[in-house]
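J.: This is the structure, below, for whatever I ask next.
The values are calculated or read from the model by the stated rules, or taken from the named source; none is laboratory data. All of these numbers come straight from a predicted model, not from anything done at the bench. Here the Cβ is made from the backbone with ideal geometry for all residues, glycine too, and neighbour counts use every protein chain on show. Heads up: the accessible areas ignore ligands, DNA and RNA and are worked out on the full protein's heavy atoms, side chains in. Shrake-Rupley method; radii C 1.70, N 1.55, O 1.52, S 1.80 Å.
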Amino acid sequence: MTSIAVLVGSLRENSFNKSLAEAIETLAPEGTTFETGDLNLPLFNQDLEADFPAKAKELKDLVERSDGVLFVTPEYNRSFSGVLKNGIDWASRPWGQNSFNGKPVAIVGASIGALGTTQAQAALRNSLVYLNTEIMGQPEVYFNATTGLNQDGSVADDAKDFLTDFANAFVAFIEKHKN
């Protein structure tokens, strides 16, 4: 059994990235469980650490009890979203209590743009290196939402094998890094 925390950096109701996360979940190997973290959190403020917000503690707990973390990021202004950054900040705090430390992680993202989420994923990778995660390098998923998703948000048939290969590789990566 492999448990994966999913952090989707979009709050939009019909988010391409939520659809991508759901597609990966449906294509993952049997015995894999996914739980999506709630990133609709108060803005990080170090003054709040003394009375840590309950929703932020729930996110920390999710990351800590999961075997790995899947980051699903849109690209805003050539970087990852403030929503995702805020969640990362909460889950890595207070100082010395970084919930991501040593966690196997992977980054994917969906976009309608020609560059996909390449810049967002590169920026996110920098933060995850600092947080001492184990980042899966391959396969990379810069998902084109225009061709990879159907009108209802389901994954197009042409993309299923690619996403299945990613899901299998990520679960194997997590299993390799389990303590």
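J.: Take the residues in the range 103-121 that are in a loop (DSSP other than H, G, I, E, B) and open to solvent by 40 Å² or more (accessible area, probe 1.4 Å); name whichever of them is farthest from LEU41 (Cα to Cα). Spell out the reasoning first.
T.: Pass one, the range 103-121, residues in a loop (DSSP other than H, G, I, E, B): 103, 112-117.
Then keep just the ones that are open to solvent by 40 Å² or more (accessible area, probe 1.4 Å); that gives 112, 114-115.
Working: ILE112: 27, ALA114: 31, LEU115: 29 Å.
Going through the qualifying residues, I end up with ALA114.
J.: Also, I was wondering about something else. Kindly provide the set of residues from the range 78-90 that are in a loop (DSSP other than H, G, I, E, B) and open to solvent by less than 20 Å² (accessible area, probe 1.4 Å), ordered by number. I'd like the intermediate steps shown before the answer.
T.: Taking the range 78-90 and keeping what is in a loop (DSSP other than H, G, I, E, B), we get 78, 80-81.
The one that is in a loop (DSSP other than H, G, I, E, B) and open to solvent by less than 20 Å² (accessible area, probe 1.4 Å): SER81.
J.: Return a yes/no flag: does the range 41-62 have any residue that is more than 27 Å from ASP158 (Cα to Cα), under 15 Å from the mean Cα position of the chain (by Cα), of a type in the set (Asp, Glu) and surrounded by fewer than 18 Cβ atoms within 10 Å (Cβ to Cβ).
T.: So the first thing to find is which residues in the range 41-62 are more than 27 Å from ASP158 (Cα to Cα), and the list is 41-62.
Retained after the next criterion (residues that are under 15 Å from the mean Cα position of the chain (by Cα)): 59-60, 62.
Restricting the remaining residues to those that are of a type in the set (Asp, Glu) gives none.
Among the residues of the range 41-62, not one is more than 27 Å from ASP158 (Cα to Cα), under 15 Å from the mean Cα position of the chain (by Cα), of a type in the set (Asp, Glu) and surrounded by fewer than 18 Cβ atoms within 10 Å (Cβ to Cβ), which makes the answer no.
J.: Considering only residues that are within 17 Å of LEU62 (Cβ to Cβ) and open to solvent by less than 30 Å² (accessible area, probe 1.4 Å), which ones fall in the range 4-23?
T.: Of everything in the range 4-23, those that are within 17 Å of LEU62 (Cβ to Cβ) and open to solvent by less than 30 Å² (accessible area, probe 1.4 Å) turn out to be ILE4, ALA5, VAL6, LEU7, VAL8, GLY9, ALA21.
J.: While we're on this one: Among the residues of the range 66-93, write down those that are touching a Phe, Trp or Tyr at 6+ places or on another chain (Cβ under 6 Å) and of a type in the set (Asp, Glu).
T.: ASP89
J.: Would you pick out the residues in the range 63-77 that are in a loop (DSSP other than H, G, I, E, B) and loosely packed, with under 12 Cβ neighbours inside 10 Å? Give the derivation first.
T.: Taking the range 63-77 as the starting set, the residues that turn out to be in a loop (DSSP other than H, G, I, E, B) are 66-67, 73-75, 77.
Result: ASN77, single match.
J.: Could you list, in sequence order, all residues of the range 130-179 that are part of a strand (DSSP E or B) and either free of Cβ contacts under 8 Å to residues at least 40 places away in the same chain or hydrophobic (A, V, I, L, M, F, W, C) (or both)?
T.: If we filter the range 130-179 for residues that are part of a strand (DSSP E or B), which is where we start, we get 134-135, 141-144, 149, 155.
Correct list: ILE135, VAL141, TYR142, PHE143, ASN144, LEU149, VAL155.
J.: Continuing with this model, one more query. Considering the range 149-179 alone, what residues qualify as being of a type in the set (Gly, Ala, Ser) and surrounded by 17 or more Cβ atoms within 10 Å (Cβ to Cβ)?
T.: Going through the range 149-179, the residues of a type in the set (Gly, Ala, Ser) turn out to be 153-154, 156, 159, 167, 169, 172.
The answer is ALA159, ALA167.
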